[in-house]
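For reference, the structure discussed in these notes is given below.
The values are calculated or read from the model by the stated rules, or taken from the named source; none is laboratory data. Computed from a predicted structure; not experimentally measured. As a convention, Cβ positions derive from the backbone with ideal geometry for all residues, glycine included, and neighbour counts pool all protein chains shown.
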Amino acid sequence: MLKEKIAQLLGEVSGLQANDAAELENLRIKYLSKKGIVNELMAAFRDVPAEEKRAIGIQLNELKSALQNKLAELREALATQEDDHSDLDLTRTPYPVSLGTRHPLSIVKNEIIDIFSRLGFSMADGPEVEDDWHVFSSMNFAEDHPARDMQDTFFVEQHPDIVLRTHTSSVQSRVMEHAEPPIRVICPGRVYRNEAISARAHCFFHQVEGLYIDKDVSFTDLKQVLLTFAREMFGPETKIRLRPSYFPFTEPSAEMDISCNICGGKGCSFCKHTGWVEILGCGMVDPNVLEANGIDSKVYKGYAFGMGVERITNLKYQVKDLRLFSENDVRFLDEFMAAN
Ligand code: PHE
C-alpha cells in the first residue's frame, strides 16, 4: 500500500505548479511541513515489515528530495519572473523631474557681463581676501579715510594689512599692475562690509566694476557706455542722470540714476516718488591711481564705474528683502525658473 502511494506521489512531483509565492507556500505546507504528506509517510514507515524497510526507505527518500528539488526550482522561477521588467515603458518621459534654477544674482551678473562683453570688455578676477594696498592704498584712499575704519572693513585677525575686499576696485588695481593700456575690463565679484544684516543691508554683496584706460578717454565715452548699458539692461526707453559725487579713486566722480523702471519715472514707493533710482558710481580714474599702479598719467586716462548686482536685481525683479539672496529658500529660487 505504502509503496504504491509513494510511487503515485513521485509521479505527481514533476507536474507541480505555483503561480505565486502563496501557491508555492501551500505546496510546501502540503508536502514538506511538519504535518505534511512526507512526514505522514515517515510515520507510516515505522509499521513497514523489516524485510521491506530498505526498499521503501530508499523510495521515501527519493520522494522527499524530488519534492525539495521541485519546490526550489519553482521558487527560482518565481524570482526570475519578478526581475522581468518587460512590462516597463522605457519610452515614458521621466517626469516629474525637479530642475534647479540659476540664482537670480547669477542671472543678472551674467546679463551684465554679456552686455559689457558686447561692448568689448573682457573679464578680470581677483582674490576676496586682499591686502590693504590693492583695496585702499593703491586706490588713493588717504591713510585716515573713514572707509578703512573698523566699522566697514573686515580685517583678518592679527593681520591689520589683510582684509576682505570691500569693493572690486581691488581687481582694477591688480589688472593695472600687469597690463599695458589699452585696458578694458569688467570685474565681477563678491565684496564684504561690516554692516548689521537687515532687509536693506548685508555683510556681503556683489559688484561689477568696469575700467577703461587708453590715450584719449573722456567723460563722454563713459556716459555713452553707461547709457548703452542702462538701455540694454532696462529697456530702450530708459533715461540716465549723472549727479556729482565723490570717490577717492575717481575725479571727477558721479553717481548714476536711471529712470525708475518700476513706475516708468512717474514716481512710486520704490523710487521714493522721485522717478529716479541710483544704480552705480563712476568717474574718471584719478591720476594718483594710475601712477600708484604704474601707468603714466601724462599719457593715459581712464574711466571706471561700479555697480551692485543686488541693486540691479532688485530693480529687475523687485526683491524686497536682501536676505532672500543668501538664504537659498527653494521657493524663492524657483521663481526665477523662467529667467534662466
Ligand atoms: N568702488 C565703488 C563702490 O564700491 C564704486 C565705484 C567704482 C565708483 C568705480 C566709481 C568708480 O561703491
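Numbers for the structure displayed
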quantity	calculated
Cβ-Cβ under 8 Å pairs, at least 6 apart or on other chains, region 298-315 side touching a residue at least 60 places away in the same chain (Cβ under 8 Å), far side away from the ligand (no atom under 13 Å from the Cβ) and in a strand (DSSP E or B)	300/214; 301/214; 302/183; 302/214; 315/258; 315/277
Sole residue being in contact (Cβ under 8 Å) with a residue 12 or more places away in the chain and more than 27 Å from residue 319 (Cα to Cα), chosen from 161, 149	161
Of the criteria (1) within 19 Å of residue 280 (Cα to Cα); (2) out of contact with any Phe, Trp or Tyr (no Cβ under 7 Å at 6 or more places or on another chain), which one residue 185 fails	(2)
Extreme residue, nearest to residue 222 (Cα to Cα), among residues of region 290-310 that are in contact with an Asp or Glu (Cβ under 9 Å, 6 or more places away or on another chain) and surrounded by fewer than 18 Cβ atoms within 10 Å (Cβ to Cβ)	297
In region 180-203, the residues that are over 19 Å from residue 131 (Cβ atoms) and of a type in the set (A, V, I, L, M, F, W, C)	183, 185, 186, 196, 197, 199, 201, 203
Pairs, first without any contact (Cβ under 8 Å) to a residue 60 or more places away in the chain in region 207-233, second more than 13 Å from the ligand (Cβ to nearest atom) and not β-branched (Val, Ile, Thr), C-beta under 9 Å, six or more apart	227/239; 230/239; 230/259; 231/237
Wholly within region 247-327, strands (runs of 3 or more DSSP E) carrying at least 1 residues that are within 20 Å of residue 185 (Cβ to Cβ), of a type in the set (Lys, Arg) and at pLDDT 95 or above	301-308
Within region 271-294, tally of residues that are within 16 Å of the ligand (Cβ to nearest atom), farther than 18 Å from residue 226 by Cβ and not charged (D, E, K, R)	6
Total residues in region 115-148, condition assigned to a helix (DSSP H, G or I), away from the ligand (no atom under 14 Å from the Cβ) and either modelled with pLDDT of 95 or more or within 30 Å of residue 231 (Cα to Cα) (or both)	3
Region 112-131 residues that are at positive phi, paired with ones that are of a type in the set (S, T, N, Q) (beta carbon under 8 Å, 6 or more apart)	none
Matching residues in region 230-250 - criterion: being in contact with a helix residue (DSSP H, G or I) (Cβ under 9 Å, 6 or more places away or on another chain) and within 16 Å of the ligand (Cβ to nearest atom)	240, 242, 247, 248, 249, 250
Pair list, Cβ under 8 Å, 6 or more apart: region 241-260 residue free of Cβ contacts under 8 Å to residues at least 24 places away in the same chain, other residue near the ligand (Cβ under 10 Å from one of its atoms) and polar (S, T, N, Q)	244/253; 246/253
Test set (1) surrounded by 12 or more Cβ atoms within 10 Å (Cβ to Cβ); (2) more than 30 Å from residue 235 (Cα to Cα); (3) acidic (Asp, Glu) - residue 47 fails condition number	(1)
Residue that is within 60 Å of the chain's Cα centre (by Cα) and among the small types (Gly, Ala, Ser), where the choices are 79, 66, 43, 7	79
